[in-house]
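A.B. asks: Here you go, one structure.
Each value in this text was obtained by applying a stated rule to the coordinates, not by laboratory testing. Keep in mind it's a predicted model, so treat the numbers as computed, not measured. Positions of Cβ are generated from backbone atoms using ideal geometry, with glycine treated the same way; all protein chains shown enter the neighbour counts.
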Amino acid sequence: MNILLLGGGGREHALAWKLAQSRLLAGPEDRLYAAPGNPGIADHAELVELLLTDHASVVRFCNDQRVGLVVIGPEAPLVDGLADTLRAAGVAVFGPSAQAARLEGSKSFTKKLCRRAGIPTAGYVHARSLDEARAALDGFAPPFVLKADGLAAGKGVVIAESRADAEDALADMFGGQFGTAGAEVVIEEFMTGEEVSFFALTDGASVLSFGSAQDHKRVGDADTGPNTGGMGAYSPARVLTPLLEGEVLERIILPTVRAMADIGAPYSGVLFAGLMLTSEGPKLIEYNCRFGDPECQVLMVRLEDDLGGLLLACAENRLAAAPPVNMAQDVALTVVMAADGYPDTPTRGGAITLGDAEAEGAKVFHAGTALQDGELVASGGRVLNVTATGTTVAEAQARAYSAIGAVDAPDLFCRRDIGWREVEREKTD
Ligand code: AMP
Ligand code: GLY
């Protein structure tokens with residue numbers, strides 16, 4: 001069949017790489033298309049120009065090219081209802097409806113659903129005006145967790161140490177710092193513990209565990225500096241033991257899937273739960289309605305099953321008949337190479353020579369690259385995801401950094417300690 005993959009970052013390069021190995025694309029006539037894609041994705045897919053906000057043109061392309069499955073990578077087109085338009089046109093699509101994508105698109109929607117379904121998460125107040133938000137601070141102790149309600153490209157969360165900082169941040173949010181995303185705000189109780197990500201595939205009724213990962217959100221070593229989209233990840237995150245994973249499924253994921261079906265918005269796609277492992281057990285920090293970036297990269301490297309078959313089964317509501325997902329025992333670890341200045345103002349255009357980075361089995365996913373006069377250059381904040389495997393996190397980490405040593409890119413930087421928590425734990429194993 002023909003498959004269309006939407007998006008153009010490191011997550012989509014990993015998806016394209018894995019989809020290209022699918023039996024769905026094994027025939028001589030089968031095509032993988034990607035829009036907009038990137039130079040790395042071009043190794044596996046035919047790049048096409050499609051405006052993702054122009055839903056009619058995406059449907060037209062699918063009809064013209066007889067596309068049998070659309071895989072939507074990023075959250076914005078999902079929240080915007082692209083999956084709904086495609087489904088209405090009879091195209092199988094991996095990704096939730098706009099109603100279901102509210103689990104990522106609206107923090108207050110998710111908090112309300114958790115409260116109704118008894119899902120463990122931080123206590124909260126939903127404020128619709130600056131006055132209401134200021135008054136609500138009385139009910140919380142510092143540090144104050146303040147979240148713009150809508151999509152804010154991962155930047156809509158402020159943790160304020162003092163009441164004065166919290167009031168300033170609220171004034172910024174209601175003043176339009178995050179556009180309409182900050183017109184409503186959620187104030188939350190601060191949770192402490194280790195963070196971990198958990199992924200589940202669901203067709204709205206059945207749920208398949210898709211494994212765990214740990215991201216590194218701060219830009220600097222030892223988790224310092226501003227938040228980013230993620231500077232590196234590894235999978236599995238062993239701190240989420242099988243016992244805890246069972247608890248996450250029973251107390252968080254399954255009640256969410258049931259609650260979404262109950263309100264007439266069944267969730268179909270990948271449900272990405274950001275979790276805090278607190279002393280009272282795992283609690284939900286937030287949901288995302290897509291694979292994580294760079295968590296997807298490490299999951300795809302470990303996945304032993306046919307990704308195309310799994311995503312199509314999900315799109316066609318056939319997960320009840322699907323066996324559990326097989327992930328390699330090995331650890332996968334990815335290090336993000338970002339452009340100098342990221343996350344504020346990344347420099348663009350820096351030259352990149354990949355050299356022998358992949359020679360020893362590492363995989364370099366392109367996140368923000370472009371071709372300029374035939375040469376590879378940086379075109380985004382996060383530029384490359386250098387990914388390796390090993391029997392331990394320490395081994396995968398050593399291989400990833402060795403591959404990075406082979407990359408010649410003077411305008412890129414990376415954290416040097418991706419995986420540090422687990423590397424420390426491995427020392428005492
Ligand atoms: P989010 O975009 O909701 O994942 O929040 C970004 C980051 O803020 C999370 O990865 C956590 O590190 C932190 N965070 C969010 N909510 C809380 C909370 N209620 N308590 C403590 N930290 C939080
Ligand atoms: N790496 C975090 C995310 O994709 O949201």
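A.B. asks: Provide 300, 327 in ascending order of the number of other Cβ atoms located within 10 Å of each residue's Cβ, fewest first.
C.D. replies: Numbers: 300 25, 327 19.
The fewest-first ordering by Cβ neighbours comes to 327, 300.
A.B. asks: Within the range 347-387, report the GluC sites (Glu not before Pro) that DSSP leaves as loop and that have at most 14 other Cβ atoms within 10 Å.
C.D. replies: Details: sites: 358, 360, 375; in loops: 358, 360.
Passing sites in the range 347-387 are 360.
A.B. asks: Residue 155: which lysines have alpha carbons under 30 Å from its alpha carbon, excluding same-chain residues fewer than 8 sequence positions away?
C.D. replies: Hits, sequence-local ones excluded: 18, 107, 111, 112, 147, 217, 283, 363.
A.B. asks: Would you kindly state how much longer the chain becomes between residue 241 and residue 21 on full extension, computed as 0.36 nm times their sequence separation minus their alpha carbon distance, in nm to one decimal? Display every interim value, and only then the final one.
C.D. replies: Working: separation 220, 0.36 × 220 = 79.20 nm, distance 3.03 nm.
Working it through step by step, the gained length comes to 76.2 nm.
A.B. asks: Shifting gears a bit: Name the chymotrypsin sites (Phe, Trp or Tyr not before Pro) in the range 158-241 that are in a loop by DSSP and that have at most 16 other C-beta atoms within 10 Å, would you? If you can, show how the numbers build up before the last one.
C.D. replies: Details: sites: 174, 178, 190, 198, 199, 210, 234; in loops: 178, 190.
Here the sparse-neighbourhood loop sites are 190.
A.B. asks: What dipole magnitude, in Debye to the nearest 20, does the range 1-130 give about its Cα centre under +1 on Lys/Arg Cβ and -1 on Asp/Glu Cβ? Provide the component values of the computation, followed by the final result.
C.D. replies: Details: 14 positive and 12 negative charges, 192 e Å.
Roughly 920 debye for the range 1-130.
A.B. asks: On to the next question. In bins 5 Å wide, starting from 0, what share of all Cα pairs of the range 12-166 does each bin hold, as a percent?
C.D. replies: 2, 8, 14, 16, 15, 11, 9, 9, 8, 6, 3, 1, 0
A.B. asks: How about the range 296-350: which trypsin sites (Lys or Arg not before Pro) there lie in a loop by DSSP and see at most 15 other Cβ atoms within 10 Å?
C.D. replies: Working: sites: 302, 318, 348; in loops: 318, 348.
Listed in order of number, the matching sites are 318.
A.B. asks: With θ taken as phi - 60° and the coefficients 6.51, -1.76 and 1.60, list the Karplus ³J(HN,Hα) couplings across the range 404-417 in order, rounded to whole Hz; mark glycine and proline as x.
C.D. replies: 4, x, 8, 8, 9, 8, x, 9, 10, 9, 8, 6, 9, 10
A.B. asks: Return the sequence-ordered ³J(HN,Hα) values of the range 26-41 in whole Hz as given by the Karplus equation 6.51 cos²θ - 1.76 cosθ + 1.60 applied to θ = phi - 60°, using x for Gly and Pro.
C.D. replies: 7, x, x, 8, 6, 10, 9, 9, 9, 9, x, x, 7, x, x, 4
A.B. asks: While we're on this one: Between residue 165 and residue 29, what is the FRET efficiency for a Förster distance of 56 Å, r being their Cβ-Cβ separation, to the nearest 0.05? Could the numbers behind the result be given before it?
C.D. replies: Details: r = 59 Å, r/R0 = 1.06.
According to the calculation, E is roughly 0.40.
A.B. asks: Residue by residue, what Karplus-based ³J(HN,Hα) values in Hz, rounded to whole numbers, does the range 355-362 have, using 6.51, -1.76 and 1.60 with θ = phi - 60° and x for Gly and Pro?
C.D. replies: x, 9, 3, 8, 4, 9, x, 6
A.B. asks: Between residue 155 and residue 194, what length in nm is gained on full extension when 0.36 nm per residue of separation is reduced by their alpha carbon distance? Provide the component values of the computation, followed by the final result.
C.D. replies: Details: separation 39, 0.36 × 39 = 14.04 nm, distance 2.02 nm.
Residue separation times 0.36 nm, minus the Cα-Cα distance, leaves 12.0 nm.
A.B. asks: Taking a cut-off of 41 Å, what percent of all Cα-Cα pairs in the chain are separated by more than that?
C.D. replies: Details: 10498 of 91806 pairs.
The calculated P(r) of the chain puts 11 percent of pairs beyond 41 Å.
A.B. asks: How large is the convex hull of the C-alpha atoms of the range 287-352 per residue, in Å³? Present the calculation step by step, with values, prior to reporting the outcome.
C.D. replies: On the way: hull volume 10.5 nm³, N = 66.
Normalising the Cα hull of the range 287-352 by residue number yields 158 Å³.
A.B. asks: For residue 332, enumerate residues with amide H under 5 Å from its amide H, sequence gap 5+ or separate chain, H modeled in the peptide plane.
C.D. replies: Long-range HN contacts for residue 332: 235.
A.B. asks: Could you give the length gained on full extension between residue 375 and residue 356, defined as 0.36 nm per residue of separation minus the Cα-Cα distance, in nm? Mind showing how you got there, number by number?
C.D. replies: On the way: separation 19, 0.36 × 19 = 6.84 nm, distance 1.64 nm.
Stretched fully, the residue 375-residue 356 segment lengthens by 5.2 nm.
A.B. asks: I want the antiparallel fraction of DSSP beta bridges within the range 1-152, as a percent rounded to 5. Each step should come with its number before you reach the end.
C.D. replies: Details: 0 of 14 bridges.
Here the antiparallel bridges make up roughly 0 percent for the range 1-152.
A.B. asks: Here is a further query. Taking the Cα atoms of the range 57-106 alone, what are Rg (to one decimal) and Dmax (as a whole number) in Å?
C.D. replies: Over the range 57-106's Cα set, Rg and Dmax evaluate to 10.6, 35 Å.
A.B. asks: At residue 279 and residue 402, where each label point lies 7 Å from the Cα along Cα→Cβ, what is the point-to-point distance in nanometres?
C.D. replies: Placing both labels 7 Å along Cα→Cβ, they lie 4.3 nm apart.
A.B. asks: Another question about this same structure. Place +1 on the Cβ of every Lys and Arg and -1 on the Cβ of every Asp and Glu in the chain, take the dipole about the Cα centre, and give the residue among 183, 355, 173 whose Cα lies farthest towards its positive end.
C.D. replies: Toward the positive end, the furthest listed residue is 183.
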